[in-house]
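Notes follow once the structure below has been shown.
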Amino acid sequence: MILEGIVTTRDSHGTVNVAAMGPIVGEGMRSLLLRPYQSTTTYQNLKAHPEGVFHIVDDVELLVRSALNLFDAPPAMVPTSEISGSVLADSCRWYEFRVTELDDSRERTEIQAEIVHTGSLRDFLGFNRAKHAVIEYAILASRLFMLDEADVARHYGEFRTILEKTGSPQEFRAFELVTDYVIKQWPHFRQTVTSLNS
């Protein structure tokens, strides 16, 4: 099963990186298979410092900022218990892990990790339809280099409809963050958004 969440890792100087990631989780949440590209900071950090934390969060804006690297300042964090790492203070649950195997013979690395400690701040109640739409939109935005504008525009319209039916202010803010990101990459997309919203 692939579970969407956020991974924090550290580089050799202790600087924390926050990245959205969907690892494959093992039975009973005792292990993770992470598959970052070698160009990512997550891969580079785990290669140098093979420990990290996987978080389950219910804040879709935090997920968007993590997926698209849109932090104005680092999110609040607290120290880990069993590893040298950082836990997002606004997570529902977290899983501290150590890398047991790293195969970077291909562009998309496969990193096996074992869970060494878990913690919980509050129950995770799941995502409503609007949050799911925002997450899918953020995933699309992170892959603009392999997509065309017509495809993104079609999905934008679908996601916007779901948002208008089931969204709260948090989801609307997160949706606008993604749209602003897409427009920065593709300035002409602003016209598409305007026409779809009119």
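Quick look at the values:
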{"item": "Candidates ASP11, ASP103, ASP72: whichever shows maximal mean-square fluctuation once the chain is modelled as a Gaussian network with Cα springs under 10 Å", "result": "ASP72"}
{"item": "Projected area, mean over directions - segment 88-198, Cα convex hull, nm²", "result": "9.4"}
{"item": "In Hz, Karplus ³J(HN,Hα) per residue of segment 3-12 (6.51, -1.76, 1.60; θ = phi - 60°; x = Gly, Pro)", "result": "10, 6, x, 10, 10, 10, 9, 10, 8, 5"}
{"item": "Inter-label distance, nm, simple model (7 Å from Cα along the C-beta direction), GLN38/ASP90", "result": "3.5"}
{"item": "Only Lys, Arg (+1) and Asp, Glu (-1) charged, at Cβ; the chain dipole about Cα centre in debye", "result": "260"}
{"item": "Rg to Rh quotient for segment 1-108, alpha carbon positions, Kirkwood Rh", "result": "0.92"}
{"item": "Å² per residue, accessible surface of the chain at 1.4 Å", "result": "52"}
{"item": "P(r) of segment 147-198 over all Cα-Cα pairs, binned every 10 Å from zero, in whole percent", "result": "23, 60, 17"}
{"item": "Per-residue HN-Hα couplings for segment 54-62 [Karplus 6.51, -1.76, 1.60; θ = phi - 60°; Hz; x = Gly/Pro]", "result": "9, 10, 9, 10, 10, 8, 5, 5, 5"}
{"item": "Length-normalised contact order for the chain - Cα pairs under 8 Å, 6+ apart - percent", "result": "19"}
{"item": "Rounded accessible area of ARG190 (nearest 10 Å², 1.4 Å probe)", "result": "140"}
{"item": "In degrees, nearest ten, helix 149-166 long axis to first principal axis of the chain (Cα)", "result": "90"}
{"item": "Spatial separation of Cα centroids for segment 73-143 and segment 1-58, in angstrom", "result": "6"}
{"item": "Rounded to the nearest 10 Å², the accessible area of GLU110 at probe 1.4 Å", "result": "70"}
{"item": "Base-10 log of normalised Debye intensity for the chain (one unit scatterer per alpha-carbon) at q = 0.09, 0.17, 0.19 Å⁻¹", "result": "-0.35, -1.14, -1.32"}
{"item": "Derived scalar couplings ³J(HN,Hα) [segment 13-24; Karplus, 6.51 cos²θ - 1.76 cosθ + 1.60; whole Hz; x for Gly, Pro]", "result": "9, x, 6, 8, 10, 10, 9, 5, 7, x, x, 7"}
{"item": "Nearest-20 debye value, segment 1-110 charge dipole, Cβ charges on Lys, Arg, Asp, Glu", "result": "160"}
{"item": "Partners for LYS131 among lysines (Cα-Cα distance below 20 Å; same-chain residues under 8 apart left out)", "result": "LYS165"}
{"item": "Radius 10 Å from Cβ of HIS49, net charge of other residues (Lys, Arg +1; Asp, Glu -1)", "result": "0"}
{"item": "Accessible area of the chain belonging to carbon and sulfur atoms, whole % at 1.4 Å probe", "result": "49"}
{"item": "Cα-projected label distance for GLN112 with SER81, points at 7 Å along beta-carbon direction, nm", "result": "2.6"}
{"item": "Extreme residue, positive dipole direction of the chain, given options VAL18, GLN44, THR194 (C-beta unit charges)", "result": "THR194"}
{"item": "Fraction in percent of alpha-carbon pairs per bin - 5 Å, segment 49-149", "result": "2, 11, 17, 17, 20, 19, 10, 3, 1, 0"}
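The values are calculated or read from the model by the stated rules, or taken from the named source; none is laboratory data. Keep in mind that this is a model prediction, so the values were computed, not measured. Please note: Cβ atoms are built from the backbone with ideal geometry, for glycine as well, and neighbour counts cover all protein chains shown. Quick note on the areas: whole protein, heavy atoms, side chains included, nothing else; ligands and nucleic acids left out. Shrake-Rupley method; radii C 1.70, N 1.55, O 1.52, S 1.80 Å.
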